[in-house]
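Structure record follows, encoded as structure tokens.
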Amino acid sequence: MPPSTVPASAPLEIVIPDCCNIGVIFRVLLAVNASVLAAILMRTNGLKPGLLEFVESSILVELACLSSLLALCGLRRLIRTIPPWGQRVACALVPAAVTSLIIHFLFSLELFFNTFTNLTMVKGILIAALLGIVLQHYFELRTRAFSPALAEARLQALQARIRPHFFFNSLNAVLSLIRTEPRQAETTLEDLADLFRVLIRDARDMTTMQDEIRLCRQYLSIEKIRLGERLQVQWESVDISDDVLRKAQIPALLLQPLLENAVHYGVEPAREPVLIQIHMNRSIDRIEIAVINPYHGDAVSRGNHMALDNIRERLALVYDVEAQLTTTIARGYFEVRLRFPYVKASS
């Protein structure tokens, strides 16, 4: 087989839930505790005895849940060659092994000697394995169910970002530069090509902050040709080094649409120079980005809210409850603030 026709190896499918995610942890704890409570209430006579037994067993339940989640979180980060079926088996074996160790430890303590009278080692292992399989299957189905939403989000993002008037005006600006500033015209066409290339990528793709900021600067340089001195931009970063920019992962085209909104709704309606401010800072394991532009009430349209809602949807799909997008209007300025986890790109 010629080298050009050798198929590239497909990326490994990850079916272990992201047990480091707060949303996943919350859902697992809620599901396991609800299952245990229901099982106890079905077996005991009356609500009060059932609740008392559930409180007594909560030590074992919470320890087993949190320890299993921690182990699966570390396992998911170390996955390199485990096939999907092996990952599914691990989601049953890891909770079973962790639960058996915790049961053995608690049974060896005199304080808990007579606490878990209805629990045996075998029963605890089987329950933990069953819950692990069920929850893994639930999260895998949930991820697949969101796939159409991701595709729809990509289509909406493309419709929101590819503004015909922007590209039409940009091409006109390039044409005006060809004779007088051929070097600048060539650079602008390269920036447009890069922008198109990123726009047609899958919205599920991740990129680094460095690449996203480079794309944003290219976009703003194109708009600068069209808007001239009306467009002023100020970048400010706190506790974000070049190393962080190279390693921090974010969804592709997360920041550029916010700048496009700022230009469209903050700069275009104005006749005087307008300053767009981009503030970035990092606090331990979180990154925050704020985009601030003058607020023109009559210029804000439904399209602005659709673009922001689209980004909120993408944040929820990628980060669950660990990321937020908020907007505020104060003292004549419109501010969009992004908060998301600092996730390093794999080397």
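In terms of Cα to Cα distance under 12 Å, which aspartates and glutamates are near enough to residue 344, apart from those fewer than 8 places away along the same chain? Qualifying aspartates and glutamates at Cα under 12 Å: 243, 285. Maximal additional length on extending the residue 179-residue 214 stretch stands at 9.9 nm, based on 0.36 nm per residue less the C-alpha distance.
Before anything else, pin down the relative contact order of region 22-145: Cα pairs under 8 Å, at least 6 apart, normalised by residue count, whole percent.
25 percent
The lysines within cross-link reach of residue 123, meaning a Cα-to-Cα straight distance under 26 Å and a gap of 8 or more places when in the same chain, are 48. In this label model, residue 141 and residue 85 are separated by 2.2 nm, measuring between points 7 Å along each Cα→Cβ vector.
Listing 81, 188, 328, 143 from fewest to most neighbouring C-beta atoms within 10 Å gives 81, 328, 143, 188.
Taking only the alpha carbons of region 165-344, we obtain Rg and Dmax values of 16.5, 52 Å in that order. Taking a spot 7 Å from the Cα of residue 126 along the direction of its beta carbon, which residues of region 35-76 have an amide N less than 14 Å from it? Hits in region 35-76 for residue 126 at 14 Å: none.
Computed from the C-beta positions of residue 270 and residue 243 and an R0 of 30 Å, the FRET efficiency is 0.20 to the nearest 0.05.
Laboratory data are not the source of any read-out in this text; all were calculated from the coordinates shown. Small disclaimer: the values here were computed from a predicted structure and weren't measured. Every residue, glycine as well, gets a Cβ built from its backbone with ideal geometry; the counts of neighbours run over all protein chains shown.
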